[in-house]
Amino acid sequence: MEQMNDVFESVARYFSLLSEPTRLRIMHSICQQEKSVNQIVQEVGASQTNVSRHLGLMYQAGVLARRKDGNQVLYKVTDTAFTDICRTVCVRVAAKLDGDKAMKRRVTSLIDELG
């Protein structure tokens, strides 16, 4: 079991990327196409500092790629497994929300956009 500790810690760090609503909103924003930081900030509705911090964490974790285009920095999802995990969790949450129709519609809409 001790030999698996590094693996378990790495898996926990990977899953921790899903534990912050801003990061989930960022994933929702860029899961289909590459976008600039400014576009992501507008769609997510958080400050540029906050969005940049989360983008940096996700980039360091290897979930996102970034590139410069002139003065803009563009991000895209490179870890499709991460998108699949997000989608799976959203489907699970939506299934539990049968009693809350408005919430279920919002989650279902998110799932459709991720798919």
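No value in this document is a laboratory result; all are computed from the given coordinates. What you see is a predicted model, and the numbers here were worked out from it, not measured in a lab. Note: ideal-geometry Cβ built from the backbone for every residue, glycine included; neighbour counts use all protein chains shown.
Here is how the numbers come out for the structure above:
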| item | result |
| --- | --- |
| Residue order, fewest to most beta carbons within 10 Å, for H28, H54 | H28, H54 |
| Within the chain: Cβ-based charge dipole about Cα centre, in debye rounded to nearest 20 (Lys, Arg +1; Asp, Glu -1) | 380 |
| Order of F15, F82 under a 10 Å beta carbon neighbour criterion, fewest first | F15, F82 |
| Ranked by how many other beta carbons lie within 10 Å on average, peptides 16-25, 69-78 from highest | 16-25, 69-78 |
| Debye log10 I(q)/I(0) for the chain, one point scatterer per Cα, at q = 0.13, 0.14, 0.22, 0.23 Å⁻¹ | -0.55, -0.63, -1.23, -1.30 |
| Order of S36, S29 - criterion: other Cβ atoms within 10 Å of each residue's Cβ, fewest first | S36, S29 |
